[in-house]
1. For the range 27-97, what does the alpha-carbon gyration tensor say about shape, rounded, prolate or oblate, given a ≥ b ≥ c as the root eigenvalues, a/c under 1.5 as rounded, and a/b over b/c as prolate?
2. Calculate, in nm to one decimal, what Leu25 and Asn209 gain on full extension: separation in residues at 0.36 nm each, minus their alpha carbon distance.
3. Provide the per-residue ³J(HN,Hα) series for the range 187-202, in order, calculated from phi with Karplus coefficients 6.51, -1.76, 1.60 and θ = phi - 60°, each as a whole number of Hz, with x at glycine and proline positions.
4. Applying the Karplus parametrisation 6.51 cos²θ - 1.76 cosθ + 1.60 with θ = phi - 60° to the phi angles of the range 136-148, what ³J(HN,Hα) value in whole Hz is obtained for each residue in order, glycine and proline being reported as x?
5. Using a 10 Å cut-off on Cβ atoms, rank the peptides 266-275, 227-236 from the highest mean neighbour count down.
6. From the phi of every residue in the range 49-57, what ³J(HN,Hα) in whole Hz does the Karplus formula 6.51 cos²θ - 1.76 cosθ + 1.60 yield, where θ is phi - 60° and glycine or proline is x?
7. Helix-derived [θ] at 222 nm for the chain: sum -39500 (n - 2.57) over DSSP H runs of at least 4, divide by residue count, nearest 500?
8. Starting from the Kirkwood Rh over alpha-carbon pairs, what translational D in µm² s⁻¹ does the range 106-194 have by Stokes-Einstein at 25 °C and 0.890 mPa s?
Amino acid sequence: MSVEICRDKQAQSRVEQIVSSIKNLPTPPIVFNQIQKTINKESSSAADVAKILSEDPSMSAKVLKMTNSAFYGLSREIDSVKQAVMIIGFDAVKNLVLSASVMGMFNGNKVDAEFQERFWRHSLATALAGRLAAKSIRSRGMVDADTIFSAGLLHDIGKLVIACFMEDEFVAIHQILENDPSKSESSAEIEVMGFSHEQIGGALAQFWNLSDGLVDAIAFHHDPQDSVVEGSMSYMVNVANYVANKSFPSELCVAPQAEMSAKVLTYLDITDETITELSDGLVAEYIKAETFMSMAGA
């Protein structure tokens with residue numbers, strides 16, 4: 001299934017055209033696509049995944065570094081990729097490779113360093129908040145914490161595409177926000193381009209052949225009630241984004257923080273107290289995750 005990321009078919013066509021026409025648009029390395037295919041086979045083993053990783057020494061080193069970091073809090077040091085795959089699991093490795101890939105893909109772009117650092121710090125905070133939410137909010141069933149982490153890390157990737165490859169639009173959007181601080185970034189983007197960063201991000205995720213769940217969570221993280229894929233991932237990312245903004249207000253870009261939607265609270269059957277608990281947990285988790293920022297070069 002191809003996820004419809006825009007309510008308007010003309011806007012969807014325009015977004016897809018924009019993404020496909022951008023020259024030098026980064027794509028995940030071959031190792032990610034190979035791992036994704038391998039993991040989807042029922043007969044795959046840890047050795048199969050480790051063999052693929054061994055063909056990319058840089059990625060192997062990143063996976064080992066992350067596995068041994070405070071992020072996973074293991075009691076002993078892991079010294080082989082095969083051990084890492086066996087201990088943290090296929091999906092966790094796949095999502096680590098995706099995260100490391102995306103954070104590395106945009107490193108060479110000449111984007112304002114302050115903007116890029118703020119972008120990745122907010123993205124990381126959202127990813128960590130999503131991981132915490134997946135572990136504590138079970139009203140809609142189990143959601144894989146590592147997949148939510150990746151969705152949170154990529155939720156605003158459309159903003160980076162605008163900043164890196166649509167310079168004129170980027171300047172125009174931020175001029176609108178400076179002139180009218182009450183406006184949301186999404187509304188300013190629609191005013192300038194006819195679509196928003198969520199939709200660009202969703203189209204990019206499709207271009208990269210990511211799962212429908214990830215595409216949907218990225219495309220609808222501000223409006224999860226419009227989600228077209230069954231499940232609570234887009235709602236979780238919406239909550240995670242709010243918690244990240246609430247916990248680290250200095251990480252915000254230009255636009256103001258919206259209030260938590262009552263529809264989201266009702267859907268997930270959570271309260272303001274839950275949000276506060278997630279915020280407290282996020283502050284503690286964020287300290288452990290500097291390894292991710294080093295991968296982003298921030």
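Quick note: the coordinates plus some simple rules give every number you see, no bench work behind them. Because the structure is predicted, anything quoted here is derived from the model rather than measured. Methodologically, a virtual Cβ is constructed for each residue, glycine included, from the backbone with ideal geometry; neighbour enumeration extends over all protein chains shown.
1. Since a/c reaches 1.5 and a/b is larger than b/c, the shape of the range 27-97 is classed as prolate.
2. Taking 0.36 nm per residue and subtracting the Cα distance, the gain is 64.8 nm.
3. 5, 5, 5, 5, 4, 7, 10, x, 7, 10, 4, 4, 6, 5, x, x
4. Each residue's phi maps through the Karplus curve to give 10, 9, 10, 5, 10, x, 6, 10, 5, 5, 6, 5, 4 Hz.
5. Values: 266-275: 14.0, 227-236: 21.0.
With the highest mean Cβ count within 10 Å placed first, the list reads 227-236, 266-275.
6. My calculation for the range 49-57 gives 5, 4, 5, 5, 5, 5, 7, 10, x Hz in order.
7. Working: 17 runs with 196 residues, N = 298.
Per the formula, -20000 deg cm²/dmol.
8. On the way: Rh = 14.6 Å.
Roughly 168 µm²/s, to the nearest whole number.
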